[in-house]
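What follows is calculated from the coordinates using simple rules that are stated; it is not laboratory data. On a predicted model such as this, the values are computed, not experimentally measured, just so you know. When we count neighbours, we look across all protein chains shown, and the Cβ atoms used for this are built from the backbone with ideal geometry, even at glycine.
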Amino acid sequence: MAITEVQKDGVEAHIAGGRLTINLDALVANYVQLRKRSGNAKCSAVVKANAYGLGAERVVKVLWNVGCDTFFVALPEEGFAIKRVLPKATVYVLNGIHETSVPSIAEGGLVPVLASLEQIELWANFWKPRGSRRPCAIQVDTGMNRLGLTVDEAIAFRKRNMREHIVTPILIMSHLACADEPQHALNAQQLESFQRVASAFDDIDSSLANSAAIFNGPEYLFDVTRPGIALYGGEAINGTPTALNPVIKLEARIVQIRRVSHGNTVSYGATHKLDHDAKIATVSVGYADGYPRAGSSAGVALRQCIPTGAHGFIAGRKVPLIGRMTMDLCMFDVTDVEDSALEDGWIELIGENILLDDAARAAGTIGYELLTSLGQRYERRYISSEL
Ligand SMILES: *Cc1c(COP(=O)(O)O)cnc(C)c1O
């Protein structure tokens, strides 16, 4: 078996308070599985927000090596970063264009996803005096009411473009509002609308499916799928673990063990009162590291609707976070953990034992937000058998 090698980034190991390990083999395995599930559709990768916080350059390189050549980002700057490492990749910019961004997007070789007739006109006007016309994609809003031409606008535009050759679209796409709730009625409604649009644009590729929609049936696949969260090990369908692999492991360094007798309180606001003689581990990760404060086990408004707060994992046990999380530190009740096990010095916050989405739910949020919030103070280790 190939040795798993490590590349490092972020803060150096010996001084870091937290350690974020990113398993690139798991990421690639997830991509391969999503590609298989995409059937005859081309499987792209959504790598916006620095590949959901995990490091876009490293992520796109390993995906490219297994044949992924199409990527989606939100903003031009994210696209340039990918073009620097993969000049031949097709990179779509989901957030569209505005007057001042057009030249950069055009010169950077990115493909803008145009979201209105005004944007189509901006793109057309940029290329008109230049003689050539670079490709674009067109976004259609089929019911999310976020971005895109209306269905009627898109179909009317198609007819006009056939006559006037205003722009050269290579992809028509839309996005589902409720893909992670497969039974929601809006899915079928959006699907039907998108089918009408896709058949109007029948000579170019069409794309509807994010991660969740890939699992919702072959009718959602069209020509190109656009998974994001599932690549990174997050749940695609709400509350339904898929067979995909966890990609990240987040660990915090234990900086102090305290013994505190019952009746005493822990952290700001003294909101957590100990009902037993406790052993408390203070760890060197806090909300400034993107570990959400709402995971505090008491005293935070959001917490009132969530029965249990965050947990860590050490020596085969789940241990609760207690008291309010602070900016750079938080506390876990490790009373039941042997002293010898604490000597190891690290507690898992997210990983195979504390799943990303469980950590997110404990803080009233979603895996997407947790991943994209992970801070800059971690030692980042990329493990892979192929670096
Ligand atoms: C973010 C995004 C995706 C990826 O969604 P996941 O739920 O992360 O798979 C796909 N398409 C669009 C338009 C997006 O904004």
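Computed per residue of the chain from DSSP H runs no shorter than four, each worth -39500 (n - 2.57), the mean residue ellipticity at 222 nm is -8000 deg cm²/dmol.
Backbone amide hydrogens, once placed in the peptide plane, bring Tyr378 within less than 5 Å of Val11, excluding anything fewer than 5 places away on its chain. For the chain, the dipole from Cβ point charges (+1 on Lys and Arg, -1 on Asp and Glu) about the Cα centre works out to 620 debye, to the nearest 20. Listed cross-link partners Lys42/Lys88; Lys36/Lys88; Lys249/Lys273; Lys83/Lys159; Lys36/Lys61; Lys249/Lys318 are compared with a 26 Å cut-off, the Cα-Cα value being larger for Lys249/Lys273; Lys83/Lys159. This ranking places Ser44, Ser101 by how few other beta-carbon atoms lie within 10 Å of each, fewest first, which gives Ser101, Ser44.
Across q = 0.17, 0.28 Å⁻¹, region 1-67 modelled as identical point scatterers on its alpha-carbon atoms has Debye log10 I(q)/I(0) values of -0.72, -1.35, in the order of the q list. Summarised as an ellipsoid, region 238-295 has semi-axes of 30, 15, 13 Å, derived from the eigenvalues of the Cα gyration tensor scaled by 5 and square-rooted, with the largest first. Subtracting the Cα-Cα distance of Leu186 and Lys159 from their residue separation scaled by 0.36 nm leaves 7.0 nm. Farthest toward the positive end of the dipole of the chain, out of His311, Val283, Ile105, is the Cα of Ile105, where the dipole comes from beta carbon charges about the Cα centre. Amide H contacts of Ala74 (H built 1.01 Å from N, in plane; Pro and chain starts excluded): Lys48, Ala49, Leu94 sit under 5 Å, all sequence-distant by 5 or more or on other chains.
The equivalent ellipsoid that matches the C-alpha gyration tensor of region 164-244 spans semi-axes of 26, 14, 9 angstrom, in descending order. Each of Ser199, Tyr31, Thr4 was scored by the projection of its Cα onto the charge dipole of the chain, and the greatest displacement toward the positive side belongs to Ser199; charges sit on the C-beta of Lys, Arg, Asp and Glu. Each label point was placed 7 Å from the Cα along the Cα-to-Cβ direction; for Arg258 and His14 their separation is 3.0 nm.
Taking the Cα centre of region 215-262 as reference, the dipole from Cβ charges on Lys and Arg (+1) and Asp and Glu (-1) amounts to some 580 debye. Here the Karplus relation 6.51 cos²θ - 1.76 cosθ + 1.60, evaluated at θ = phi - 60°, turns the backbone of region 354-371 into coupling constants of 10, 5, 3, 6, 5, 4, 5, 4, 4, 10, x, 10, 10, x, 4, 5, 4, 4 Hz, with x for every Gly and Pro.
Label positions at Asp277 and Ile170, each projected 7 Å from the Cα along the C-beta direction, are separated by 7.0 nm. Computing FRET efficiency as 1/(1 + (r/R0)^6) for Asp339 and Arg133, where r is the C-beta to C-beta distance and R0 is 51 Å, gives about 0.15. Put simply, the Cα atoms of the chain extend 81, 43, 41 Å along their principal axes, the longest span coming first.
Applying a DSSP loop filter and a limit of 12 other Cβ atoms within 10 Å to the GluC sites (Glu not before Pro) in region 3-73 leaves Glu12. Length gained on full extension, Gln7 to Ser104, computed as 0.36 nm times the residue gap minus the Cα-Cα distance: 31.7 nm.
When Ser284, Ser211 are sorted by how many other C-beta atoms sit within 10 angstrom of their C-beta, beginning with the fewest, the order is Ser284, Ser211. Angle between the Cα long axis of helix 185-200 and the longest principal axis of the chain, 0 to 90 degrees, nearest 10? On a 0 to 90 degree scale, this one is about 30.
Distance distribution note for region 114-249: the fraction of Cα pairs above 18 angstrom is 57%. What is the spin-label model distance, in nm, from Trp346 to Val85 if the labels are put 7 Å beyond Cα along the C-beta direction? Calculated label separation equals 2.2 nm. Take the Cβ atoms of Tyr268 and Glu369, set R0 to 25 Å, and the FRET efficiency comes out at 0.60.
Taking other C-beta atoms within 10 Å as the exposure proxy, Glu352, Glu181 rank Glu352, Glu181 from fewest upward. If you line up the long axis of helix 76-85 against the longest principal axis of the chain, both from Cα atoms, how many degrees apart are they, to the nearest 10? Once rounded, the angle reads 90 degrees. On the principal axes of its alpha carbon atoms, region 1-157 extends 57, 35, 30 Å, with the longest extent given first.
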